[in-house]
1. In region B:276-303, how many residues are assigned to a loop (DSSP other than H, G, I, E, B), more than 17 Å from the chain's Cα centre (by Cα) and among the hydrophobic types (A, V, I, L, M, F, W, C)?
2. Out of A:P96, A:P130, A:P70, report the one residue that is in contact (Cβ under 8 Å) with a residue 12 or more places away in the chain and within 16 Å of ligand 1 (Cβ to nearest atom).
3. If you go through region B:21-55, how many residues are within 19 Å of B:L162 (Cβ to Cβ) and buried (at least 18 other Cβ atoms within 10 Å of the Cβ)?
4. Please count how many residues of region B:44-66 are within 9 Å of the chain's Cα centre (by Cα) and not in a strand (DSSP E or B).
5. Would you tally the residues in region A:229-249 being within 16 Å of the chain's Cα centre (by Cα) and of a type in the set (D, E, K, R)?
6. Looking only at region B:266-283, decide whether some residue is touching a Gly at 6+ places or on another chain (Cβ under 6 Å) and touching a residue at least 60 places away in the same chain (Cβ under 8 Å).
7. For A:H277, only one of the following conditions fails: (1) farther than 20 Å from A:E163 by Cβ; (2) surrounded by 17 or more Cβ atoms within 10 Å (Cβ to Cβ). What is its number?
There are 2 protein chains.
Amino acid sequence: MLLGLAPLLPSAARTQAGGDPLPSWRDGPAKRALLDFVAAVTAEGGPDFVRPPERIAVFDNDGTLWMEQPIYTQLLFILDRIRALAPQNPVWQEDPLFQAVIAGDLRAAAAGGTAGLLRLAGAAQAGNSPEEFQRIVTGWLATARDHRWSRAYTQLVYQPMLEVLALLRARGFTTFIVSGGGVEFVRAFSEETYGISPHQVVGSTFAVHPGEQDGRITLNRQPQVDFVDDGPGKPVGIARHIGRRPIAAFGNSDGDFQMLQYTTEGPGRRLGMIVHHDDAEREYAYDRDSHVGRLARALDEAPRRGWSVVSMRQEWMRVFPWS
Amino acid sequence: MLLGLAPLLPSAARTQAGGDPLPSWRDGPAKRALLDFVAAVTAEGGPDFVRPPERIAVFDNDGTLWMEQPIYTQLLFILDRIRALAPQNPVWQEDPLFQAVIAGDLRAAAAGGTAGLLRLAGAAQAGNSPEEFQRIVTGWLATARDHRWSRAYTQLVYQPMLEVLALLRARGFTTFIVSGGGVEFVRAFSEETYGISPHQVVGSTFAVHPGEQDGRITLNRQPQVDFVDDGPGKPVGIARHIGRRPIAAFGNSDGDFQMLQYTTEGPGRRLGMIVHHDDAEREYAYDRDSHVGRLARALDEAPRRGWSVVSMRQEWMRVFPWS
Ligand SMILES: [Ca+2]
Ligand SMILES: [Ca+2]
């Protein structure tokens with residue numbers, strides 16, 4: 001940075017190193033809220049100082065860190081896997097729900113609602129160990145491609161959010177994913193993609209049963225979901241897994257409402273931020289009427305709750321790392 | 001260290017800094033196993049090298065990091081709390097189990113078995129939020145004293161194990177507690193006592209229900225235990241919470257058997273270690289016949305499974321930080 005220009009920049013945008021830690025963010029209200037918050041909670045001796053162990057930041061995944069349209073990536077994985085496993089499961093041919101998936105009729109498959117979805121999810125993802133399941137997911141991610149850009153799903157992550165993760169970690173935060181998705185699905189790529197260790201991923205879980213085979217411990221993933229980390233489940237997942245109330249939360253839908261609420265209702269300075277998908281050209285535009293990532297109540301209540309709403313179209317100069 | 005003496009010391013005991021990282025450990029088989037293991041998995045280019053994110057070490061708490069005799073510390077907390085809450089709960093006076101606790105008759109209280117214990121635990125520990133509960137535990141720990149040494153329980157931690165935690169972290173490991181105790185009880189002191197963050201504590205859990213009061217999110221701890229992190233539950237807790245198989249595990253009882261097994265059955269170099277309490281003079285001597293921390297099967301199978309058994313009497317020069 002040319003030192004002569006520094007006085008022209010908003011002070012919060014200047015870092016100790018002199019570089020902009022959020023180069024993909026346009027100078028707007030969201031970027032200023034982010035930088036002001038980080039400056040305040042890390043200013044030793046200041047009124048809003050938070051000691052590093054309490055600098056906990058939580059991020060939703062689908063639609064906040066990576067793309068979720070036109071359909072959740074994990075659901076695409078489940079459908080692919082049902083099709084791949086169909087030859088070994090001839091009974092599925094007699095089940096209309098599985099028939100629809102195998103035939104590629106997503107509308108008929110979706111007609112089963114949440115119950116149908118959970119049945120598909122269980123059939124596609126159970127019957128293995130957590131280690132085996134992660135290998136299966138990693139293998140799928142290596143070859144599966146998005147239809148719109150023909151990119152790997154792990155490339156459809158938001159560059160501005162990667163910069164937020166890096167900035168917060170550089171300033172002593174511990175970053176967590178708190179996802180409605182399956183915890184082991186997200187763990188399969190979180191470290192390589194986001195620099196977030198598996199133990200810093202909170203998510204929905206299938207029951208895991210211990211057993212023994214040939215004198216060795218086995219862990220067997222069951223087809224029953226035993227924890228749904230979405231909506232009011234997110235604060236529960238945070239309390240159980242992290243054991244500390246976050247001071248910053250990032251989400252994009254009403255499924256993050258209670259996580260944002262739990263985070264920002266704590267004492268002291270807090271940050272709540274909502275990624276608003278309003279960019280049909282570079283990504284997607286959706287909120288109130290979307291079947292995926294519906295955003296209505298959180299959008300309505302954001303102003304009075306002090307949550308920042310990030311306009312993707314206006315505040316992000318770049319959407320994906322490769323764009 | 002005098003450089004002239006270095007050749008006389010076992011090579012593994014010398015660190016880069018020149019100091020002994022385990023000064024409370026006598027030079028014996030356990031110390032050598034520890035240092036050899038750490039040297040092997042951190043030797044870049046070596047056959048046993050493990051990259052840092054996979055350097056996961058898990059520690060049981062009761063009897064491995066802190067004292068568990070003559071009775072688990074959390075149980076003492078539960079009994080104290082039942083007595084403290086008794087005036088507000090007059091119905092307890094009509095219940096023989098609670099009567100026994102209030103009267104200080106531990107034998108009668110113990111007669112209720114596990115079911116009775118879980119009932120007491122629920123009554124003593126539920127009805128609050130995770131944050132409130134941790135404050136209650138912190139307050140109790142600040143004043144409660146052990147009968148034998150009149151010390152705070154957080155001082156009855158094993159100095160040699162604190163050194164192991166510090167050594168592993170200095171060599172790029174992430175250290176976790178995997179305890180049969182309640183996760184929020186252990187989190188109340190793990191950071192200050194062991195340098196282990198709340199999110200790196202895995203333990204047994206009570207159900208937590210989300211709610212709303214005066215328009216704010218509440219989390220309510222229920223009297224029902226919904227996960228028991230002991231025995232076969234430990235590998236399940238590790239898989240769910242850590243999401244990666246550890247490469248080193250430390251325990252002291254048969255409740256750690258499956259954790260040790262799960263850890264050491266993984267591929268590559270592994271370390272399994274059992275603290276054997278054989279020192280009645282400086283601490284306690286117990287194993288097969290103990291009602292707390294029973295150690296029989298793990299002791300019998302340790303040799304053929306390659307687990308190190310640490311004789312507290314012979315291998316620890318110091319037991320507590322203040323002794
Ligand atoms: Ca989302
Ligand atoms: Ca123990």
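The values are calculated or read from the model by the stated rules, or taken from the named source; none is laboratory data. Computed from a prediction, not measured in an experiment: that's the story for all the values here. FYI the Cβ positions are ideal-geometry reconstructions off the backbone, even for glycines, and counts take in every protein chain you see.
1. Counting residues in region B:276-303 that are assigned to a loop (DSSP other than H, G, I, E, B), more than 17 Å from the chain's Cα centre (by Cα) and among the hydrophobic types (A, V, I, L, M, F, W, C) gives 2.
2. Values: A:P96 fails: within 16 Å of ligand 1 (Cβ to nearest atom); A:P130 fails: within 16 Å of ligand 1 (Cβ to nearest atom).
Testing whether each residue is in contact (Cβ under 8 Å) with a residue 12 or more places away in the chain and within 16 Å of ligand 1 (Cβ to nearest atom) leaves just A:P70.
3. 12
4. Residues meeting the conditions: 5.
5. Residues in region A:229-249 being within 16 Å of the chain's Cα centre (by Cα) and of a type in the set (D, E, K, R): 3 in total.
6. No, that holds for no residue.
7. Exception for A:H277: condition (1).
The rows are residues; the columns are (1) away from ligand 2 (no atom under 16 Å from the Cβ); (2) in contact with an Asp or Glu (Cβ under 9 Å, 6 or more places away or on another chain); (3) modelled with pLDDT under 95.
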residue: B:V183; (1), (2), (3): no, yes, no
residue: B:P235; (1), (2), (3): no, no, no
residue: B:G243; (1), (2), (3): yes, yes, no
residue: B:I247; (1), (2), (3): yes, yes, no
residue: B:G255; (1), (2), (3): no, yes, no
